[in-house]
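What follows draws every value from the coordinates through simple rules; no lab data is involved. If you're wondering where the values come from, they're calculated on a predicted model, not measured in any experiment. Neighbour counts run over all protein chains shown; Cβ positions are idealised from the backbone, glycine included.
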Amino acid sequence: MKFLRSIAAGVSLLSAAAVFAQDAEPVTLAKSAAGSWLALADAAQFAASWDQAAAPFQAAITKPKWEAAMQAVRAPLGAVQSRRLKSAVFTTTLPGAPDGEYVVIQFQTQFEHKAAAVETVTPMKGKDGAWRVSGYFIQ
């Protein structure tokens, strides 16, 4: 009987781990998408960052306007000196956005000419299952 209880406890732990893994997967995938996208922005490849963004992002701003806006905002900040994950929160609703799967990710970032900034990157899961950035803000 003791052996059966040990097996049952082990199965319960495995089940809990599987549920946790499912919950963590969107955050992990979204963080990966955000990292790839930020690498483009950090390299001043603003057109490529627009190309890699989510459809609602692309619908909200044209590629030329995005390139101009990023040039105006990012160039004065200089190169990224450090970037540390501050938070990553999964949600299915965001103000002004359609319901879906989102992860709001914040980074504490130090730029060459701005010692303390907070970057907010919001990847969303597309209909094809891929995570793409749908929003980007620097404070």
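Return the long-range amide H neighbours of Trp131 (sequence gap of 5 or more, or a different chain), with a cut-off of under 5 Å between placed amide H atoms.
Distant-sequence amide H within range of Trp131: Gly126.
Restricting to DSSP loop positions (anything but H, G, I, E, B) with no more than 12 other Cβ atoms inside 10 Å of their own Cβ, which GluC sites (Glu not before Pro) remain in the stretch 65-139?
On the way: sites: Glu67, Glu101, Glu112, Glu119; in loops: Glu101, Glu112.
Answer by residue number: Glu112.
Grab the other residues whose beta carbon is less than 9 angstrom from that of Asp42, score K and R as +1, D and E as -1, and report the net. Before the final figure, lay out each step's value.
On the way: positive: Arg74, Arg83; negative: none.
Net of charged neighbours comes to +2.
Over the stretch 44-103, what portion of Cα pair distances is larger than 13 Å, expressed as a whole percent? Each step should come with its number before you reach the end.
Numbers: 1268 of 1770 pairs.
Beyond 13 Å sits 72 percent of the P(r) for the stretch 44-103.
Ordered by residue, what ³J(HN,Hα) values in Hz, to whole numbers, does the stretch 75-82 give under the Karplus form 6.51 cos²θ - 1.76 cosθ + 1.60, where θ = phi - 60° and Gly and Pro are x?
So the Karplus estimates, Gly and Pro as x, are 4, x, 6, x, 5, 6, 8, 7 Hz.
How about Lys125: which lysines have a C-alpha closer than 19 Å to its C-alpha, ignoring those fewer than 8 places off in the same chain?
Filter leaves Lys31.
Past the 20 angstrom mark, what percentage of all C-alpha to C-alpha distances in the stretch 17-130 do you count? Could you put the intermediate results ahead of the total?
Working: 2919 of 6441 pairs.
Of all Cα-Cα distances in the stretch 17-130, 45 percent exceed 20 Å.
What's the long-distance tail for the stretch 24-74, i.e. % of Cα pairs beyond 15 Å? Numbers along the way, then the final one.
Details: 601 of 1275 pairs.
Summing the P(r) of the stretch 24-74 above 15 Å gives 47 percent of all pairs.
Take peptides 84-97, 49-62 and line them up by average Cβ neighbours within 10 Å, highest first, as a rough protection proxy.
On the way: 84-97: 11.6, 49-62: 16.5.
Answer by packing, highest mean first, reads 49-62, 84-97.
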